[in-house]
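Reviewing the structure listed below.
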Amino acid sequence: MNHPALAEKFAKDFNRTTWHDETLWFVRQKRDRAIYPIPEFQELRTLASQIKDHTLSNLDNYLLQFEENARKNGVKVHWAADGEEHNRIVLDIIRNAPHIKGRTGPIKMVKSKSMLTEECHLNPFLQKNGVEVVDTDLGERIVQFRNEPPSHIVMPAIHLKKEDVGETFHEHLGTPKGEKDPQALTEAARQHLRQKFVEADIALTGVNFAVAETGSFVVCTNEGNADLGVNLANVHIACMGMEKLIPKVEHLSVFIRLLARSATGQPVTTYTSHFTKPAEGKEMHIVIVDNGRTQQLGRSDFRNSLKCIRCGACMNTCPVYRRSGGHSYDFTVPGPIGAILSPNIDLHKYSTLPFASTLCGSCSDVCPVKIDIHVQLYKWRQVVSKENELPAVKKWGMKGLAKMLAMPKVYNLGGKVARSALRILPHGMTHAKGMNPWAKARELPDAPKQSFKEWYSQNKKP
Amino acid sequence: MKVALFIPCYVDQFYPNVGINTLQLLEKLGVEVAYPTQQTCCGQPMANSGCEQDSKEVYHHFVDTFADYDYVVTPSGSCTYHVRKHYDIIEQTPAVQKVRKGVYELVDFLENILKVEEIPIDFPYKVGLHLSCHGQRGLRQANASEITGDKGGQILTLLKKLKGIEITQLERNDECCGFGGSFCITEEAVSARMGQDRIADHVRHGTKVLTGGDMSCLMHLEGIVKRQQVQIKVMHIVEILNGSQP
Amino acid sequence: MSSREKILASVKAHKPALIDLPVIPAFEGDGSIEKFKTVLTGIGGHAIEVSSKTECQQVIDTHYSDLKNLASTLVKATVEIDTSTSKDILEQVDLAVVEGVVGVAENGAIWVPEANMINRALPFITQHLVLVLDKTNIVANMHEAYKKLDTIGNYGAFIAGPSKTADIEQSLVIGAHGARSMMVILY
Ligand code: SF4
């Protein structure tokens, strides 16, 4: 289904839409309060943007440097051209782990948040191959129980009310029916997941930043689930999109200052963990994934979408996202950034996403790495049209309109006819809901007898 | 200083009054204004729909129409933004460069070219200001809440000069109204909802007159005001500045 | 060609011309103990100031007398932990008291290197966490913090307050998977 249809479905529930909008606006406001007092915040955005620009322009060398240093640290580095290869690599690592190889019985994996593994559809793949995968981020666990994709990259269950979570936990964790207190529900998840952490053979994490100069990577969480998982399991697999690299440790300071403030309005996430070498006797793997990224790198208009640090601020600020919900985008990364990443993956399937925006520009102003999201939305629209993915009505309508607007006489006449029609035709016809989407919720402007141009010719022309 | 007036297509057709007020205000301020009658549109409707290539001929027509003038003044931040930002796809002849540089949103022109200091008008109403995104974030005519807590901006500065005026303090000072050109049709549900939410914010905080610098946003908002039969009068900023009363 | 070669070749072919790396200027800020304490309180932690490190024992005795399994190398421990301690013992830890090395006033975070963690899992699996910090090691912001750390070592974390989540309707709940409470003793 396309975005307008899914959005309409979402917005039908008026009160729930209000609630969704206000919940996310609240996060946006927390973000504002966290950044206003920092005098250098805008400068940090510029720096972050420049550091990422630089890194992308030298990415092959940084990847090599990172790989070399990681290997020296005793970390195994793997490369995946696409999602499928990524999944196969992960499964191989699991099956060949010394404490698993040749063992029978279930293999258990705990996983902290990684949008990349969502993108690659890792969970269903591993489950099909006999690996039990438990998402340990609370929000992700909730949507995993419900068999839904996350609706937000930072707050995966933001589309759900506490009553919904209560129902889900009642069904899966046996919490009392009707229990909807977030404190009690979180406690139930804590007990349930602690068990999973202790039992796990493997821990998988995403990567927020990878540092070329040391071969290290940084993972940020509030719950502590990444560290808990990794430090209890024998094998740590970290999956990263190749754009996560930054050159040096000193650059982390810029990004760490921006990330949590932009994401949730916190000064920093509770845990900012730096992984460089595996613990004694344990294994650490890094899977570097392309999956369309090098292609995006080659598109000069869209390249800088790769600077994204997945803070989610563009979602929280987007007036369309807030009123249509993350699932209306039907892509791993929803919201404005999703709308400029998705056409690179499948232009046909996601052709309505660049149009799911008023081009208000709030996303670009909120983005901590200064991605010109709304400019790219505009540019993707041009690509959609060029590749013949526009609905025919729109395409030919626009061609006709352009012709008319380039010819003043035709324009003048056309305007006159339209205005007269509006004036003469009965309200019920001009405002027919099926025919005129404008009029579903809005009145048309009154049609004046004279256009400005006509008035001018009568009153002003010498 | 040769000044031309550009009246955007939908203003020409549906809001001739806004055009008339613009012309009168500029003349009142001593500007000699020409209105080249072959003008039509800046080309934005097609371009925002992805048909930038088709609108090239409209761009050329626009440039041909206005190439002789130092300034092209228009009561629309959105059209100004379009010409400045998106006319980069046609050959940058001296004429194109001149027009792109010379196009001015009306309030910007009043403040920064004419340096208007005084507006001797009584306007004893509670006025809600709707910032158009293209004026605000596109042309940077007002601060954006994403960047600073300071709500200052060009239209606000002018409004504050009116005697007796009270400005509505909104919960969301600069949220988009949801018009968005063809967005208002293709994404009707979200578009309408955004507009309704803006109006609700104004109603909650006592707006009696709703104004702004872009008639397109105001057309959309007025459509909702009328449908919901809310007691708010919608006026373009130029109508107020030229002395119209609600 | 392996995926590695393919990816690297493709990056090389698609990347733009080299863009300069900016220099991060020296950002100054409030590095006071007061600021650190205020921010820490704001994120759900709290700080106690003592006049010397030896007072830690007393603070622990006063505040945590009800907790049974205490892991530490700074104060009297009741469970012995090392790098090879089994999960079921780690799981029983009620309180861990370990030393941090740099505190950051702008966000209340404290750097804890692997060596101070006793066991990598300890600061995360413990029910409650106390970090001990020399107050002269508080810096204003993250830039200064990284500068002050010679190295990020094999493993280490900035820890800022207790574990938390707001994944259910944005209501903040303290004590998600990690420590339910977090106290800092500044000496
Ligand atoms: S595009 Fe910018 S604002 Fe959106 S998630 Fe990425 S970094 Fe954050």
Of (1) crowded, with 20+ Cβ neighbours inside 10 Å; (2) under 21 Å from A:Gln295 (Cα atoms); (3) among the small types (Gly, Ala, Ser), A:Ala48 satisfies all except one. Which? (2)
In the range B:1-30, what residues are more than 8 Å from every other protein chain (Cβ to nearest Cβ) and among the charged types (D, E, K, R)? B:Lys2, B:Glu27, B:Lys28
Verdict on A:Ala402 being more than 20 Å from B:Cys133 (Cα to Cα), more than 16 Å from the ligand (Cβ to nearest atom) and open to solvent by 40 Å² or more (accessible area, probe 1.4 Å): no
Pairs returned, first residue in the range A:337-357 that is on the phi < 0 side of the Ramachandran plot, second residue that is among the acidic types (Asp, Glu) and within 16 Å of the ligand (Cβ to nearest atom), beta-carbon separation under 9 angstrom, 6 or more apart or interchain, are A:Ile345/A:Glu119
B:Thr148 vs. criteria modelled with pLDDT of 95 or more and surrounded by fewer than 23 Cβ atoms within 10 Å (Cβ to Cβ): yes
Of residues in the range A:20-37 being open to solvent by 70 Å² or more (accessible area, probe 1.4 Å) and of a type in the set (Phe, Trp, Tyr), the one farthest from the other protein chains (Cβ to nearest Cβ): A:Phe26
Per-region count, the range A:280-302, residues within 14 Å of the ligand (Cβ to nearest atom) and assigned to a loop (DSSP other than H, G, I, E, B): 1
Does C:Ala77 meet the test of being within 24 Å of C:Glu55 (Cα to Cα), open to solvent by 40 Å² or more (accessible area, probe 1.4 Å) and in a loop (DSSP other than H, G, I, E, B)? yes
Just to be sure I understand, how many residues within the range B:138-189 are assigned to a helix (DSSP H, G or I), under 15 Å from the mean Cα position of the chain (by Cα) and not small (Gly, Ala, Ser)? 5
Do you know which of the residues in the range A:303-327 that are assigned to a loop (DSSP other than H, G, I, E, B) and either away from the ligand (no atom under 12 Å from the Cβ) or of a type in the set (D, E, K, R) (or both) is most open to solvent (accessible area, probe 1.4 Å)? A:Arg310
Which one is farthest from the ligand (Cβ to nearest atom) among residues in the range A:328-349 that are open to solvent by 20 Å² or more (accessible area, probe 1.4 Å) and not in a helix (DSSP H, G or I)? A:His348
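Scanning for something touching a His at 6+ places or on another chain (Cβ under 7 Å), open to solvent by less than 50 Å² (accessible area, probe 1.4 Å) and assigned to a loop (DSSP other than H, G, I, E, B), does the range A:405-423 turn up at least one residue? It would help to see each step written out before you state the result.
Going through the range A:405-423, the residues touching a His at 6+ places or on another chain (Cβ under 7 Å) turn out to be A:406.
Cutting the leftovers down to open to solvent by less than 50 Å² (accessible area, probe 1.4 Å) gives us A:406.
Retained after the next criterion (residues that are assigned to a loop (DSSP other than H, G, I, E, B)): A:406.
Scanning the range A:405-423, I find at least one residue that is touching a His at 6+ places or on another chain (Cβ under 7 Å), open to solvent by less than 50 Å² (accessible area, probe 1.4 Å) and assigned to a loop (DSSP other than H, G, I, E, B), so the answer is yes.
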Quick one: in the range B:36-50, which of the residues that are open to solvent by less than 10 Å² (accessible area, probe 1.4 Å) and touching a Lys or Arg at 6+ places or on another chain (Cβ under 7 Å) is nearest to the other protein chains (Cβ to nearest Cβ)? B:Gly50
Since B:Lys28 meets every condition but one in (1) in contact with a Gly (Cβ under 6 Å, 6 or more places away or on another chain); (2) surrounded by fewer than 23 Cβ atoms within 10 Å (Cβ to Cβ), which condition does it not meet? (1)
In the range A:267-289, the residues that are within 19 Å of the chain's Cα centre (by Cα) and open to solvent by 10 Å² or more (accessible area, probe 1.4 Å): A:Thr269
Are any of the residues in the range A:244-254 without any contact (Cβ under 8 Å) to a residue 12 or more places away in the chain and either within 19 Å of the chain's Cα centre (by Cα) or assigned by TED's automatic domain parsing to the domain that holds A:Trp79 (or both)? yes
Cβ-Cβ under 6 Å pairs, at least 6 apart or on other chains, the range C:1-18 side facing chain A (nearest Cβ under 7 Å), far side of a type in the set (Ser, Thr, Tyr): C:Ser10/A:Thr294; C:Val11/A:Thr294; C:His14/A:Thr294; C:Lys15/A:Ser57; C:Pro16/A:Ser57; C:Leu18/A:Ser57
Scanning the range B:4-14 residue by residue, those at pLDDT 95 or above and not small (Gly, Ala, Ser) turn out to be B:Leu5, B:Phe6, B:Ile7
Touching a Pro at 6+ places or on another chain (Cβ under 9 Å), within 18 Å of A:Cys220 (Cβ to Cβ) and at the interface with chain A (Cβ under 7 Å from one of its Cβ atoms): which single residue out of C:Ala179, C:Ala160 fits that description? C:Ala160
Total residues in the range A:117-160, condition over 25 Å from A:Trp25 (Cα atoms), of a type in the set (Asp, Glu) and without any contact (Cβ under 8 Å) to a residue 40 or more places away in the chain: 2
Filter result for A:Glu68 (assigned to a helix (DSSP H, G or I) and within 16 Å of the ligand (Cβ to nearest atom)): no
Take the residues in the range B:53-92 that are charged (D, E, K, R) and in contact (Cβ under 8 Å) with a residue 40 or more places away in the chain, then tell me which one is nearest to the other protein chains (Cβ to nearest Cβ). B:Lys85
How many residues, within the range B:26-75, are farther than 23 Å from A:Gly400 by Cβ and touching an Asp or Glu at 6+ places or on another chain (Cβ under 9 Å)? 7
Looking at the range C:100-187, what strands (runs of 3 or more DSSP E) fall wholly within it and have at least 1 residues that are open to solvent by less than 10 Å² (accessible area, probe 1.4 Å) and small (Gly, Ala, Ser)? C:102-104, C:109-113, C:155-159
Just one of B:Ala200, B:Ala192 is facing chain A (nearest Cβ under 8 Å), small (Gly, Ala, Ser) and not in a loop (DSSP other than H, G, I, E, B); which is it? B:Ala192
So which pairs qualify, if the first residue must be in the range B:175-187 and at the interface with chain A (Cβ under 7 Å from one of its Cβ atoms), the second must be buried (at least 20 other Cβ atoms within 10 Å of the Cβ) and part of a loop (DSSP other than H, G, I, E, B), the Cβ gap must be under 6 Å, and the two must be at least 6 apart or on different chains? B:Cys176/A:Thr358; B:Cys176/A:Cys360; B:Gly180/A:Thr358; B:Phe183/A:Thr358
Kindly check whether there is at least one residue in the range A:156-177 that is under 16 Å from C:Ile168 (Cα atoms) and within 16 Å of the ligand (Cβ to nearest atom). yes
All-but-one check, A:His374 against (1) modelled with pLDDT of 95 or more; (2) more than 16 Å from the ligand (Cβ to nearest atom); (3) part of a helix (DSSP H, G or I), failing number (2)
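Could you say whether any residue in the range A:58-65 is in the same structural domain as A:Ile237 (by TED's automatic domain parsing) and closer than 29 Å to A:Cys318 by Cβ?
yes
The values are calculated or read from the model by the stated rules, or taken from the named source; none is laboratory data. These numbers come from a predicted model, not from an experiment. Glycine also receives a Cβ, built like all others from the backbone with ideal geometry; neighbour counts cover every protein chain displayed. Please note that ligands, DNA and RNA were not included when accessible areas were found on the heavy atoms of the full protein model with its side chains. Shrake-Rupley method; radii C 1.70, N 1.55, O 1.52, S 1.80 Å.
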